Amino acid sequence: MNPEDKARNVFPFVSLVVLGIAFSMIWFYVFVPSDKNLKVVFCDVGQGDGALIKFPDGKIALVDAGPNRKILECLGKNIPFYRKKIDIVFLSHPDADHVGGLSYVLASYQVGRVVESGIGRDTQAYKSFVDIVKGQKITDTKAIGGAAFDIASGAKIQILLPRSTVAGPNLNNMSEILLLGFGKENFLFTGDMEKEEAGQVASLYPDVRADVIKIPHHGSKYSLDEKFYRQLQPKYAVISVGAKNRYGHPHAEVLNFLGKSGIRIFRTDKSGDISFETDGQMLREEN
Ligand SMILES: [Zn+2]
C-alpha cells in the first residue's frame, strides 16, 4: 500500500474520531446544565399562572400550571428534552386558571411530589388533577403556613400562608403564598390572594423582602395592598395575564401604583415567558 492509499484509509477513521469529540463537546456545553445559578421562568400561559423554577443542581419545581396545555410549550423550551421529570409541583389554589394545565403536565412528565393547601374545589379541573395524582400514586402533601422545603443546596421554598385549612368564603384568600429563597435573593409567589391575605403576609412576616413578586390575582384591583409593597420592597413585578382578558386584568390602579413606586413591571401578555436568573448574590432579568 503506498502512503497515499494509507492516508485515504485512515482519513474516515480520523474524521469519525474528530466528529465524535466535537459532538461530545457540543453535548456537554449545550445540553448539560453546568452553571450554579437558579432560574425562574414565569410562563406565558394566557389568562392564568404557571412558573418554572430550575435549581442549580438541575432539579425542577413548578408553581401552578395555567388553564390548559399551553404550559407545555414553556416547559419544552426550558427543560432539557432528555429530562422527563419534575421534582415538585406546588398548587396555589384549585381555580381552573392555575390547576387546569396540571393534567397535561402529569401526562407528559413524571412528577415526584405535589404540594397543595388541601382546600379543594368541586370543579372538573380540580377533580381530574386529584384523580391523576391518586392514579399515579404521587405523594400529595397538604402543607400550610410554616412548612418549608429544602429542594436544592442553598435554595428553599417556604409556605407563608394560609395558616389554616378552614376555607373562608373567598378561596382566593386561601392561596398558598410561597417564598423562594436562594442566597440573598427572594421571589414571592402569591396565587390569587386579595387584599386581606396580602395584609396577613405584611403583618405576620414583617421581615420578609422579595426582589421579585408575582403580582397577585393577575393584577386585580382587589388585591392591591400598598402596605404589602412598601414592606416587601420589590424591584420587579411580574403580571401573569392573558391579552384582552374578560376581567380587565391588570387594573389601571395597580399599574399606576407599581409605576409610581418605581417597581419595574413585566407582563406575560406583552413579553411572553419572563425569566430571571440569580447566583444568590446578583439578580439578572433576561427579558
Ligand atoms: Zn387566577
Filter region 250-273 down to residues that are over 28 Å from P206 (Cα atoms) and not charged (D, E, K, R), then give me how many there are.
-> 3
In region 21-40, is there at least one residue being within 14 Å of K214 (Cβ to Cβ) and modelled with pLDDT of 65 or more?
-> yes
Lone qualifier among L258, L232, L179, L224 - being closer than 26 Å to D44 by Cβ, within 16 Å of the ligand (Cβ to nearest atom), modelled with pLDDT of 95 or more and not polar (S, T, N, Q) | L224
List the number of the failed condition for G168; all other conditions in (1) closer than 21 Å to L91 by Cα; (2) touching a residue at least 12 places away in the same chain (Cβ under 8 Å) hold.
-> (2)
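If only one of G135, G146, G154 is over 12 Å from L178 (Cβ atoms) and touching a residue at least 60 places away in the same chain (Cβ under 8 Å), which one is it?
Numbers: G135 fails: touching a residue at least 60 places away in the same chain (Cβ under 8 Å); G146 fails: touching a residue at least 60 places away in the same chain (Cβ under 8 Å).
The match here is G154.
In region 167-176, what count of residues is obtained for those that are within 16 Å of the ligand (Cβ to nearest atom), of a type outside the set (D, E) and closer than 19 Å to G146 by Cβ?
The total comes to 3.
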Among the residues of region 197-221, write down those that are touching a residue at least 24 places away in the same chain (Cβ under 8 Å) and away from the ligand (no atom under 16 Å from the Cβ).
-> G199, Q200, V201, A202, L204, Y205, P206, V208, R209, A210, D211, V212
Consider only pairs whose beta carbons are under 7 Å apart and that are at least six residues apart or on different chains; among these, list those whose first residue lies in region 252-281 and is of a type outside the set (A, V, I, L, M) and whose second residue is assigned to a helix (DSSP H, G or I).
-> E253/K221; F257/E226; S261/Y229; D273/C74
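The values are calculated or read from the model by the stated rules, or taken from the named source; none is laboratory data. Note that the coordinates shown come from a computational prediction; the quantities given were computed from them, not determined experimentally. Quick reminder, even Gly has a Cβ in these numbers, built from the backbone with ideal geometry, and neighbours come from all protein chains shown.
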